[in-house]
Amino acid sequence: MRPSGDIDVATVAAFRASVQSALDTEPPALVVDLSGVEFMDSSGLAVLAVALRGQRARSAAVAVVRPQPIVKRAIELVGLDLLFDVSDIPTELLEQSAR
């Protein structure tokens, strides 16, 4: 999935719905391309944490790719980078390697 713009308290409901829709398909890996996200607050980070918990319950993975520096810093500040993969690998290459 490739969200864009700001993910904050005003937009998190749409982000949450998109993540849930992706999780409903029970993917072996949820890849979230954050290259188009310019800002993410704690509400967006919480959605990623919930996605991680859901994926782990199914023994599946979560990966965040190409985050903007400010978003990557937020992920690191709360320690989410220790819980799931955060990479600068383009999504297409990550998807190809999963095949």
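Tabulated data for the structure shown
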quantity: Percentage relative contact order, region 4-98, counting C-alpha pairs under 8 Å, at least six apart; calculated: 30 percent
quantity: Over region 4-98, equivalent-ellipsoid semi-axes from the Cα gyration tensor in Å; calculated: 18, 16, 13
quantity: Segment V50-A14, length gained on full extension (0.36 nm per residue, minus Cα span); calculated: 11.5 nm
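Every number here is computed from the coordinates shown, using simple stated rules; none is lab data. On a predicted model such as this, the values are computed, not experimentally measured, just so you know.
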